Amino acid sequence: MGLRINDIFPNLTVETDQGSFAMHDYQGEHWLILFSHPKDFTPVCTTEFGAVAQLADEWAKRNTKVIGLSVDKADEHVKWKADIEAISGAKAGFPIIADDDLTVSKALDMLPADAYLPDGRTAAHSASVRVVFIVSPDHKVQLMMSYPMSVGRNFAEVLRALDALQATYGVPIATPANWVHGQDVIVSLSLDNDAARAKFGEIDVKLPYLRTTKMPG
């Protein structure tokens, strides 16, 4: 069975272009985003890694560590980063997991247990390894997004989702459709109106089950 939301993210020991470490040690008390890819030196993935590199300051503002994964060896990742940095104009300072034996991809249930890599493989052989995981500081999976080969990930949406997860983490609120940081939030149904006003102050009762309030500071 694959990972589900609120599962503990596996504390795998991984090899990367920046050395080996356990995932929970790398994450520490930060939020974590892992974004995975089926092969180095592929066009869509190169643009995606570049987008992540360009957002380095935004990840840091949000106490978030990012880590890539690609189904190739660490020395290939080092060479690939030169292309990523040339295309994006940004330093790719985050590590990339080397998963040429598929251990991590299988552990995260992105590939069948009996999957193998044929000689002369292409990215199509590991096409399902295109997933974003967002993990909270308690090492629990909070969000997963899977993408097909033809669609580049929108990292503005990843950033927006991270903002929403952080805003609602341990707080009885939710975010409405298309929410962005700073907009009003939805009051949880676990609070009645009096409890909601006591906690948040003014609330806007649009429907008995749809009440909004200013985003908590």
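For segment 88-96, indicate whether the set of residues that are in contact with a Gly (Cβ under 8 Å, 6 or more places away or on another chain) and aromatic (F, W, Y) is non-empty. Checked segment 88-96: at least one residue is in contact with a Gly (Cβ under 8 Å, 6 or more places away or on another chain) and aromatic (F, W, Y).
Where helices (runs of 4 or more DSSP H) fall entirely within segment 19-67, those with at least 2 residues that are among the polar types (S, T, N, Q) are at 43-54. Looking only at residues in segment 159-179 that are among the polar types (S, T, N, Q) and part of a loop (DSSP other than H, G, I, E, B), the one that is surrounded by the most Cβ atoms within 10 Å (Cβ to Cβ) is T175.
Of all residue pairs spaced 6 or more apart or on separate chains, those with beta-carbon atoms under 9 Å, a first member in segment 119-147 that is within 11 Å of S36 (Cα to Cα) and in contact (Cβ under 8 Å) with a residue 60 or more places away in the chain and a second member that is open to solvent by 30 Å² or more (accessible area, probe 1.4 Å) and in a helix (DSSP H, G or I) are R130/V44.
Take F49 and decide whether it is free of Cβ contacts under 8 Å to residues at least 60 places away in the same chain and open to solvent by less than 40 Å² (accessible area, probe 1.4 Å). For F49, the condition - free of Cβ contacts under 8 Å to residues at least 60 places away in the same chain and open to solvent by less than 40 Å² (accessible area, probe 1.4 Å) - is met. Among the numbered conditions (1) in a loop (DSSP other than H, G, I, E, B); (2) open to solvent by less than 30 Å² (accessible area, probe 1.4 Å), the only one that H77 does not meet is (1). The set of residues from segment 9-45 being farther than 26 Å from Q166 by Cα and open to solvent by less than 20 Å² (accessible area, probe 1.4 Å) comprises V14, T16, P38, D40, C45.
The values are calculated or read from the model by the stated rules, or taken from the named source; none is laboratory data. Remember, predicted model here, so these are calculated numbers, not experimental data. Cβ coordinates were reconstructed from backbone atoms using ideal geometry, including for glycine residues, and neighbour counts include every protein chain displayed. Accessible surface is based on the protein model in full, side chains and every heavy atom, while ligands, DNA and RNA are left aside. Shrake-Rupley method; radii C 1.70, N 1.55, O 1.52, S 1.80 Å.
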